[in-house]
Amino acid sequence: MAIVFLTFANISLKAHNPNTASAVISRINGVWLVELKISQEGADYALEKHTGALSIHTMEPNEFKQLYLDYVIQRIKINVDDLSIKLGQGGIRLGSHQTDMKFELLNFPAVYSQVDACLPLFSENSKQNTAFQFKDEHLVFKQVLNAKNDYCVSFEKMGGTFERIEKSDMSRILYMIEIIGFSVISVLLIFVWYRKKFKAQ
């Protein structure tokens with residue numbers, strides 16, 4: 001926790017760093033939103049690399065905004081339990097050093113357990129770090145997303161806190177599902193075999 005705190009503090013102190021961004025998911029007056037703050041320098045580099053354009057600065061302002069929005073929307077993947085969350089129409093405010101974006105999360109459920117978030121924003125930048133926060137009233141979950149964790153994080157709401165789900169835990173869950181599935185299929189096959197044998201007699 002101390003390392004995460006210091007990392008967030010470092011990112012906050014170096015907001016001008018072209019390889020940083022922040023993403024905050026929160027519920028405001030009953031509406032779920034994702035709000036992004038992005039270093040313009042890093043975004044310009046990533047967008048040029050993504051599009052193959054020599055310079056995005058030659059684009060018309062509206063064309064550039066749409067390119068920017070489309071790029072970001074494609075890189076926000078949020079699942080809540082078994083539900084894929086849809087983004088509403090986005091708002092964007094360009095600045096000389098920072099761009100702000102905001103999207104409504106249209107179908108975020110009122111009651112939820114597990115959240116899976118993948119935000120490989122500007123992963124074209126080799127040292128990209130995104131300070132991710134999830135806020136639900138007094139509960140807050142924080143995680144720095146970067147290449148080391150594939151810009152993804154999973155966590156669950158347990159009582160009065162959020163608990164991160166480690167990859168090893170996910171693997172164990174999938175393994176248990178496979179074992180249970182195999183056991184159920186085996187029992188069904190044995191049942192069918194005995195039933196056919198009984199009829200044959």
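Summary of values
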{"quantity": "Selection count where residues are modelled with pLDDT of 95 or more, open to solvent by 50 Å² or more (accessible area, probe 1.4 Å) and either touching a Lys or Arg at 6+ places or on another chain (Cβ under 9 Å) or under 28 Å from GLU41 (Cβ atoms) (or both), scope region 70-80", "calculated": "1"}
{"quantity": "Residue within region 110-124 that is in contact with a helix residue (DSSP H, G or I) (Cβ under 7 Å, 6 or more places away or on another chain), in contact (Cβ under 8 Å) with a residue 24 or more places away in the chain and of a type in the set (Val, Ile, Thr) present", "calculated": "no"}
{"quantity": "Subset of region 38-70 (residues that are closer than 17 Å to PRO18 by Cα and among the basic types (Lys, Arg))", "calculated": "LYS49"}
{"quantity": "Residue in region 120-128 that is more than 20 Å from GLU35 (Cβ to Cβ), modelled with pLDDT of 95 or more and among the acidic types (Asp, Glu) present", "calculated": "no"}
{"quantity": "Restricting region 50-64 to residues that are touching a Phe, Trp or Tyr at 6+ places or on another chain (Cβ under 9 Å), over 20 Å from LEU145 (Cα atoms) and not hydrophobic (A, V, I, L, M, F, W, C), the residue that is most open to solvent (accessible area, probe 1.4 Å)", "calculated": "HIS57"}
{"quantity": "Which listed residue is surrounded by fewer than 17 Cβ atoms within 10 Å (Cβ to Cβ), in contact (Cβ under 8 Å) with a residue 12 or more places away in the chain, in contact with a Ser or Thr (Cβ under 8 Å, 6 or more places away or on another chain) and not charged (D, E, K, R), from LEU36, LEU67, LEU83", "calculated": "LEU67"}
{"quantity": "Failed criterion for GLN143 (all others in (1) among the polar types (S, T, N, Q); (2) touching a residue at least 12 places away in the same chain (Cβ under 8 Å); (3) under 18 Å from ALA43 (Cα atoms) hold)", "calculated": "(3)"}
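The values are calculated or read from the model by the stated rules, or taken from the named source; none is laboratory data. Just so it is clear, the structure is predicted and the values come from calculations on it, not from any experiment. Please note: Cβ atoms are built from the backbone with ideal geometry, for glycine as well, and neighbour counts cover all protein chains shown. Only protein heavy atoms, including side chains, enter the accessible area calculation; ligands, DNA and RNA are left aside. Shrake-Rupley method; radii C 1.70, N 1.55, O 1.52, S 1.80 Å.
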